[in-house]
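The values are calculated or read from the model by the stated rules, or taken from the named source; none is laboratory data. Please read these numbers as outputs of a predicted model, since none were measured by experiment. All Cβ positions, glycine included, derive from the backbone under ideal geometry; neighbour counts span all protein chains shown.
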Amino acid sequence: MGSPTDGEYLLQTMRICVDEVFDKMVTGFRGAAVTAVHPIQSRENGVIKYSDKKSGSCSDELYEEAVIPFTGDVCGQVVLRCSGSGAKSIARGLLMMDESEALGLSDVRDALGECANMLAGALKSKALDPNGSFRLGLPEFGSPGPAGASGGALVYRVAEDSMSVEVWCCDTRRQP
Amino acid sequence: MNKILLVDDSGTMRKILMRVLRQAKIDCDGFLEASNGAEGLEFLNSEPGVSLVLCDFNMPVMNGLEFVKSVRAIEARKTLPIVMVTTEGGAEMVKNAMDAGASGYVTKPFTPESIKTALVALGK
């Protein structure tokens, strides 16, 4: 059993959670391939740079993000971050909408928040709850991200779209 | 009347549930949508035809657990089927919900079959 402070363990578990959530709930993202597991190198003006040990750093403009905070024996965040088209694809996949149906920004954000919520819930069940008492927060948008936190990202590409699923743990421990 | 009340702060999830329930051909005259437990209670007080509730756990204003407890405190609603549909899949959370009076529990992410199975178990 891994520890909730072990970033590698959390990311490995999150990879299973992504498969589960997207297989069951998001039409069209089935079979999405993880390109690599990257620690985040930097974030600036919405451009996230992931360091890649094999091929050097790569970057993606991933600026639509939904954040689910968790608190407990360890606190942290699950972040689902997408390109604009990736966010729309996830929303359409969740709602089983085709390209011809209109989709507003609020719909896209709500869908992204619900997707992040399911990812965080799955991670909580699999990796956090067995190690203590944890509580999930409600979805947040446009969060600056935790400062000084350890974590990493799973980066996915599907056709033209990109998304990352990040898990961050803060060093500061606090009770829920 | 035979209405289904959906209590979830995500409009996306309410739409997904409506689609799943329609596809499963669950007997229903229409849907009522509430974005938290307090709104859900208002519907139950104002709408006489609610025969089933699907409810999230984590919501603003009033969460799902408080909602279930509040509903069960109403004499006329003690047997109203309430199915929790939530990301909270831990055994303790499930026990808390069932102890509070929930009739069923489905963890997100779900398949349409898991929703249907939970409702069939309630005679729906």
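Out of everything in the range B:3-47 that is within 19 Å of B:E75 (Cα to Cα) and among the small types (G, A, S), what residue ends up being modelled with the lowest pLDDT? The qualifying residue modelled with the lowest pLDDT is B:S46. Selection within the range B:55-81: residues that are of a type in the set (A, V, I, L, M, F, W, C) and over 13 Å from the mean Cα position of the chain (by Cα). The member of this set that is nearest to the other protein chains (Cβ to nearest Cβ) is B:V61.
Applying the condition of being touching a residue at least 24 places away in the same chain (Cβ under 8 Å) and of a type in the set (S, T, Y) to the range A:89-141 and asking which residue is nearest to B:M62 (Cα to Cα) yields A:S133.
When the residues of the range B:56-75 are filtered to those that are β-branched (V, I, T) and not in a loop (DSSP other than H, G, I, E, B), which remaining residue is nearest to A:G137 (Cα to Cα)? Restricting to residues being β-branched (V, I, T) and not in a loop (DSSP other than H, G, I, E, B), the top hit is B:V68. When B:T87, B:T111 are checked against the criterion of being touching a residue at least 12 places away in the same chain (Cβ under 8 Å) and within 28 Å of A:D23 (Cα to Cα), a single residue qualifies: B:T87. Considering A:L105, A:L62, the condition of being among the aliphatic types (A, V, I, L, M), surrounded by fewer than 17 Cβ atoms within 10 Å (Cβ to Cβ) and modelled with pLDDT under 90 is satisfied by A:L105 alone.
Residue-by-condition table, conditions (1) modelled with pLDDT of 85 or more; (2) within 14 Å of chain B (Cβ to nearest Cβ); (3) surrounded by fewer than 19 Cβ atoms within 10 Å (Cβ to Cβ):
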| residue | (1), (2), (3) |
| --- | --- |
| A:G72 | yes, yes, no |
| A:C75 | yes, no, no |
| A:L80 | yes, yes, no |
| A:A87 | yes, yes, no |
| A:R92 | yes, yes, no |
| A:P144 | no, no, yes |
| A:A149 | no, no, yes |
| A:S164 | no, no, no |
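Picking from residues in the range A:125-141 that are surrounded by 16 or more Cβ atoms within 10 Å (Cβ to Cβ) and within 7 Å of chain B (Cβ to nearest Cβ), the one that is farthest from A:S85 (Cα to Cα) is A:D129. Taking B:A76 as the residue in question, decide whether it is within 16 Å of B:L119 (Cα to Cα), modelled with pLDDT under 95 and among the aliphatic types (A, V, I, L, M). The answer is no for B:A76. Looking across B:A91, B:A97, one residue alone is closer than 21 Å to A:L123 by Cα and within 12 Å of another protein chain (Cβ to nearest Cβ). It is B:A91. Scanning the range B:22-53 for residues that are buried (at least 22 other Cβ atoms within 10 Å of the Cβ) and within 14 Å of chain A (Cβ to nearest Cβ) returns a single hit, B:G37.
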